[in-house]
Amino acid sequence: MTRRTDRLSEDDRVLWNLVARTAKPLKGKAAVPVPDFDLEAKPAPTQQARPVAGPASAAKPKAQHVSHALDEPTLDKLSKGRLPIEGRVDLHGMTQDEAYSLLFSFLHRAHAGGIRYVLVITGKGSSSGGDGVLRRAVPAWLSTPAFRPLVSSHDYAARNHGGSGALYVRLRRVRS
């Protein structure tokens with residue numbers, strides 16, 4: 001007899017919730033409520049060890065984890081067009097579920113094709129002054145274990161490529 005484990009990891013729980021939201025109930029059956037999840041509610045273990053920044057950094061937009069930021073020379077080359085952006089994906093107007101699926105499949109195809117740098121356009125959010133949902137969620141997604149085999153680093157794009165409404169993503173090299 002096999003032993004059943006009822007515990008899901010946090011990543012499995014997030015993935016299950018994404019899939020469960022897209023399912024339609026059978027005829028005559030009521031839909032089961034799927035709990036909402038917050039991608040930023042539980043920071044990664046490496047982020048907990050970092051000291052809390054003072055009020056001086058509060059004016060800056062949310063920065064990614066230090067190990068995921070692009071280095072300055074690469075960021076400069078990308079922004080000036082000296083390093084080619086070989087692919088781009090636009091997530092404007094999508095729900096989180098749609099955007100996650102498209103981003104994951106796009107990065108898989110790009111990685112398999114040997115592409116090194118891509119531009120992910122999230123948009124800056126609503127015009128009512130709120131921060132965009134995808135603008136906040138995509139950097140968090142890129143730091144999750146599902147994306148780690150694909151993504152080496154990421155950072156906000158230069159103004160001419162969309163500024164804080166877009167991200168440069170460096171993909172990992174394909175191992176032979």
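The values are calculated or read from the model by the stated rules, or taken from the named source; none is laboratory data. Keep in mind that what you see is a predicted model, and the values were worked out from it rather than measured. For neighbour counting, all protein chains shown are included, and Cβ atoms are generated from backbone atoms with ideal geometry for every residue, glycine included.
Only helices (runs of 4 or more DSSP H) whose full extent lies in the stretch 1-104 are considered here, and the ones with at least 3 residues that are in contact with a helix residue (DSSP H, G or I) (Cβ under 9 Å, 6 or more places away or on another chain) and at pLDDT below 85 are 10-22. Considering the stretch 100-154, the residues that are within 16 Å of Arg175 (Cα to Cα) and small (Gly, Ala, Ser) include one that is nearest to the chain's Cα centre (by Cα), namely Ser152.
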